[in-house]
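Novice: Just dropping this structure here.
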Amino acid sequence: MQDHILAKIESLGLKLPGVPTPVAAYVNYVRSGNLLFLSGGLPIEGDRKILGKVPSACPVDDAVEGARMIILNRLAVIKEAIGSLDKVKQIVSLNGFVNSDPDFHGHPQVINGASELLVQIFGERGKHSRTALGAAALPLNVSVEINLTVEVE
């Protein structure tokens, strides 16, 4: 069976990374009924890392790209969990955290990188509720962290 969502991702010039290994005492996701609760993803892929406070050490555009990276790695987790991204019924919620300078208020702009990519990929099924917050610090000094709740078949 062809994975239409995977084809959509590729048509956008993107690809799923390998499934990231959790960096502490947690799992990538927990399934309860038809819901997948995904742990926070970080903008790390191999040697590529989006680090630092936004905007003083990490430009906003880089943080937006980090949010997009996270969505791709969270989609890799979903694919591993359910076999095909075509089984995603709805992206239910997204919680985004930005490692930001105290006077930065552009958290929604950064997290829009993730939200807009989900809508590009899934259309109406990609629309979700959302929280976009600033944080004093994030794990490994990443600029962004995002978790998702997803309804699946």
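Bear in mind these aren't lab numbers, they're just calculated from the coordinates by the rules spelled out. Source: prediction; values computed, not measured. Here the Cβ is made from the backbone with ideal geometry for all residues, glycine too, and neighbour counts use every protein chain on show.
Novice: For the range 71-128, just the Cα atoms, rotate onto the principal axes and tell me the three extents in Å, largest first.
Specialist: Computed over the Cα atoms, the extents are 42, 22, 15 Å.
Novice: Specify the residue with the greatest mean-square fluctuation among ASN99, ASN112, ASN34, computed from a Gaussian network of the chain linking alpha-carbon atoms under 10 Å apart.
Specialist: Between ASN99, ASN112, ASN34, it is ASN34 that shows the largest mean-square fluctuation.
Novice: Can you sort ASP3, ASP47 by how many other beta carbons sit within 10 Å, fewest first?
Specialist: On the way: ASP3 15, ASP47 5.
Ordered by Cβ neighbours within 10 Å, fewest first: ASP47, ASP3.
Novice: Let me ask something else about it. In a Gaussian network model over the chain where Cα atoms closer than 10 Å are linked, find which of ALA81, ALA57, ALA24 has the largest mean-square fluctuation.
Specialist: Comparing ALA81, ALA57, ALA24 in the GNM, the peak value goes to ALA24.
Novice: In a shell of Cβ-Cβ distance under 14 Å around ASN34, excluding ASN34 itself, what net charge do Lys and Arg (+1) and Asp and Glu (-1) give?
Specialist: Working: positive: ARG31, LYS87, LYS89, ARG125; negative: GLU151, GLU153.
Once all neighbours under 14 Å are counted, the net charge is +2.
Novice: Which of LEU42, LEU14, LEU148, LEU133 comes first, and how do the rest follow, when ranked by fewest Cβ neighbours within 10 Å?
Specialist: Numbers: LEU42 23, LEU14 17, LEU148 26, LEU133 13.
Ordered by Cβ neighbours within 10 Å, fewest first: LEU133, LEU14, LEU42, LEU148.
Novice: On to the next question. What shape does the range 1-75 have by the C-alpha gyration tensor, where a ≥ b ≥ c are the square roots of the eigenvalues, rounded means a/c under 1.5, and otherwise prolate means a/b greater than b/c and oblate the rest? Kindly include the intermediate steps, with their values, before the conclusion.
Specialist: Working: a/c = 2.18, a/b = 1.26, b/c = 1.73.
Because a/c hits 1.5 or more and a/b fails to exceed b/c, the range 1-75 counts as oblate.
Novice: Here's a follow-up. Note down the nm distance, to one decimal, between modelled labels 7 Å out along Cα→Cβ at LYS49 and at ASP86.
Specialist: So the two model labels end up 3.8 nm from each other.
Novice: Once you list every other residue whose beta carbon is under 11 Å from the beta carbon of ASN112, what net charge do they have if Lys and Arg are +1 and Asp and Glu are -1? Could you put the intermediate results ahead of the total?
Specialist: Working: positive: ARG68, ARG130; negative: GLU116.
Value of the local net charge: +1.
Novice: Per 5 Å bin from zero, what fraction in whole % of the C-alpha pairs of the chain is there, up to the bin with the longest pair?
Specialist: Reading upward from the zero bin: 2, 10, 21, 23, 21, 14, 7, 2, 0, 0.
Novice: Same structure again: Of LYS15/LYS49; LYS53/LYS79; LYS8/LYS53; LYS87/LYS127; LYS49/LYS79, which ones are farther than 27 Å apart at the Cα? Walk me through the intermediate numbers first.
Specialist: Numbers: LYS15/LYS49 17 Å; LYS53/LYS79 31 Å; LYS8/LYS53 32 Å; LYS87/LYS127 16 Å; LYS49/LYS79 22 Å.
Cα-Cα > 27 Å for LYS53/LYS79; LYS8/LYS53; rest within.
Novice: Can you compute the modelled spin-label distance between VAL30 and LEU133, with each label point 7 Å from Cα toward Cβ, in nm?
Specialist: About 1.8 nm, to one decimal.
Novice: I would also like to ask the following. Dividing the convex hull volume of the Cα atoms of the range 33-113 by its residue count, what figure in Å³ per residue is obtained?
Specialist: Numbers: hull volume 8.0 nm³, N = 81.
Roughly 99 Å³ of hull volume per residue.
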